[in-house]
1. Residues of the stretch A:87-122 that become at least 20 Å² less accessible with every protein chain present than in their own chain isolated, using 1.4 Å: which are they?
2. Check cross-link reach from residue B:92 to the aspartates and glutamates: straight Cα distance under 18 Å, and skip same-chain residues fewer than eight apart.
3. Among the lysines, which have Cα under 21 Å from the Cα of residue B:69 when same-chain residues fewer than 8 positions away are ignored?
4. Just to verify a number: what accessible area does residue B:136 come out at with the full protein assembly present, 1.4 Å probe, Å² rounded to tens?
5. Rounded to whole Å, give me the distance from the Cα center of the stretch B:266-294 to that of the stretch B:150-204.
6. Per the helix-only calculation at 222 nm, which mean residue ellipticity applies to chain A, given -39500 (n - 2.57) for every DSSP H run of n ≥ 4 and division by its residues, nearest 500 deg cm²/dmol?
7. How big is the dipole moment of the stretch B:272-320 about its Cα centre under a simple scheme where the beta carbon of each Lys and Arg is +1, that of each Asp and Glu is -1, and everything else is neutral? Debye, nearest 20, please.
8. Compute the long axis of helix A:64-77 from its Cα atoms, compare it with the longest principal axis of the Cα atoms of chain A, and write down the angle in degrees, 0 to 90, nearest 10.
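The values are calculated or read from the model by the stated rules, or taken from the named source; none is laboratory data. These numbers were taken from a predicted model, which means no experiment stands behind them. All Cβ positions, even for glycine, are placed from backbone atoms using ideal geometry, and neighbour counts span all protein chains on display. These accessible areas exclude ligands, DNA and RNA; they are computed on the full protein's heavy atoms, side chains included. Shrake-Rupley method; radii C 1.70, N 1.55, O 1.52, S 1.80 Å.
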Number of protein chains: 2
Amino acid sequence: MFWGLLCKSEEASPCYNEKNIVWTSGAGLFGVNVSMTTIADIARLAGVAKSTVSRYLNGGSVGEQTMRKIERVIGETGYSPNTFAQSLKAKKTNIIGTVVPRLDSYATSKTLIGIDEKLRELNYQMFVSNTSQDLDREIESLYSLAKQKVAGIILLATKVTERHLETIQEIGIPVLLVGQQHEQIYSLIHDDFEAGKAIGRFMAKKGHKQIAYLGVSEEDIAVGVKRKQGFAGAIKEAEEVKVRYYETSFKIGDALEKVPSILEEFRPTAIVCATDNIAIGALKAAYSKGLKIPEDLSITGFGGYEITEMLNPGLTTVQFFYKEAGGMAADKIVQLVNEEEIQMLSVSDFKIIERESVDILS
Amino acid sequence: MFWGLLCKSEEASPCYNEKNIVWTSGAGLFGVNVSMTTIADIARLAGVAKSTVSRYLNGGSVGEQTMRKIERVIGETGYSPNTFAQSLKAKKTNIIGTVVPRLDSYATSKTLIGIDEKLRELNYQMFVSNTSQDLDREIESLYSLAKQKVAGIILLATKVTERHLETIQEIGIPVLLVGQQHEQIYSLIHDDFEAGKAIGRFMAKKGHKQIAYLGVSEEDIAVGVKRKQGFAGAIKEAEEVKVRYYETSFKIGDALEKVPSILEEFRPTAIVCATDNIAIGALKAAYSKGLKIPEDLSITGFGGYEITEMLNPGLTTVQFFYKEAGGMAADKIVQLVNEEEIQMLSVSDFKIIERESVDILS
DNA sequence: GGTCCGTTTGGAACCGGTTCCAAACTACGG
DNA sequence: CCGTAGTTTGGAACCGGTTCCAAACGGACC
């Protein structure tokens, strides 16, 4: 990541490339004084005015001769403009803030990587603000990022409240919601509904007639509601399939505790879990009860975490493309920053990965 | 994270708390104009000079009366100082940069969380720079963070090269190395050597006489060398234990491919893996060959990833305290920023977690 | 050669803070 | 009542860029 956007336009000519300077010439020559040279120094050394140098740097009209002189001096000194001074006047940075509820989640990590790599390509930087799943801190972060004059914000929220809306409106900075959807905010979601439907159909086709769906709180619209609704829809299409819905948290441990009672009470042939982590808990719980997977119980998840492939048996799951979605998000937020029109809602794809954790019945 | 350090000293009196202002009064009152009020406005409204307001904000000497006036005006307007203007003059921020090789690693995530939470406490912000395991980008990031005038840098490198040293010297900003150790750089490491020793003794005590050690490249001093050396040392103490050393990468998949040949060629009763991910690969590989864990083969890892508890069987492993280490790192870097003396090397603790993946022989 | 237009250039103001210095005010001892 | 020291205050310069405006320049055309 990093390296500020100096060449705002695509005009090839009077743009100088920051990288060259710091690495090639700057290093060594000036020792500890990294970028202590100012635009005034350059101007003096080149025998021109500050404004001319500034124009040169930003692609304004500069004469052939002058250009060369400035170019040379900048090359020799390893000059690199002071970001603060730039931002002070410009009142804007080339930083995109990303607000995440937690850093230790597969989905978050992958999404961040996607955002980071794409932003890098687009000459933006990513600033990550972690909220540790604290709603207040989510709002705080929005204000704080606004104060730092980030160009745009990508919000990986779990829930959008009235306060979120107010804050987003107040800060007046483009915000893109990722993973959740809201009619008043530009959103990028995974296709949770269709994914739920797909896994429902998949299980029905495999002949399961007694399925437990282990979801999460409906506060989380994407994971708690959409996936379940999609699944329920698919089940309605199928015949004679009995389903019971259960709820747990996102924590593996909670699923681990919850599952035994489900098994006893409902005796399903399959448990469809709303996340891979829940599925991992279910798997462990089933093993603890001495069940064989998939012969005695089939299990599926949602997410496509790499670890699911390495479990024994490999977990059948719905894969979402977090990294790609992150890339899309980066594209979108930059478009918003550039005041381009984009659609309110974008949807990222999914696919079912069939491994060994689901048995074929009948 | 976030919320800039406004009160540099601990003096209680003429410090105003930023949070109150943005939330309590700022919101709503000024609509979209978040922090458009400047210090000049405050000065005018309070009938004092800019310098006086500045002094008030930074804990300088201000009269009782004046204080009250300014306090009131600031409260009413929801003023919040412009960070860029501050940094422009101060040539320093309250941001700590963190350079990480990858975001999708358990160790990294947990460490970042630890850093973030501690820095928050200390009124610093964390800026994460991801390098996608690209050495050039590691150097780039150091320069870039320097340019952004971060107060200090926490470097989660996998390897320290000559270029690292040069760069660190050149940027003239305190750097703390985490997870690796270098005599010329302040370092915070996990006690890889002792951990290796501990697991070696542990396995010997369990009666294993034929152990495969599956490590990683010696380029990584901490994981590739220290853990192995510690392990080797413990084995030397024990009697009649045969060990063979193998090497793989950090990727689960590579371990998965590597392990079968080890099993055939060496027929160990146990595989000690240099990371939990490698152990996960080994576990899967063993299952694929129809082996029972731990009856047919014992497996251990390093790390203490949460997932290891959820595997079947639970993985015996050496737990490192990444989050706590992150907190320590944050403390250290802030001390360095404040020019306090700290020791060159700090060591973070570990403990062996005994689960079901190791069998007792004899 | 003069006029006009477009390009290049320099000077100065400005962004929003911090800091230095000197002036004004206060209090206290002699 | 004055001198002195200490505190409070305002003014101005400064940080390092960007931008506006007007002046200088250069070429084309009449």
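1. Residues shielded by partner chains are A:87, A:88, A:91, A:103, A:104, A:109, A:110, A:113, A:116, A:117, A:120.
2. The reachable aspartates and glutamates, counting only those whose Cα sits under 18 Å from residue B:92, are B:170, B:339, B:340.
3. Partners found: B:19, B:50.
4. It works out to around 80 Å².
5. A separation of 29 Å, based on Cα centres.
6. On the way: 13 runs with 150 residues, N = 362.
So the calculated ellipticity at 222 nm is -12500 deg cm²/dmol.
7. 180
8. Roughly 70 degrees, rounded to the nearest 10.
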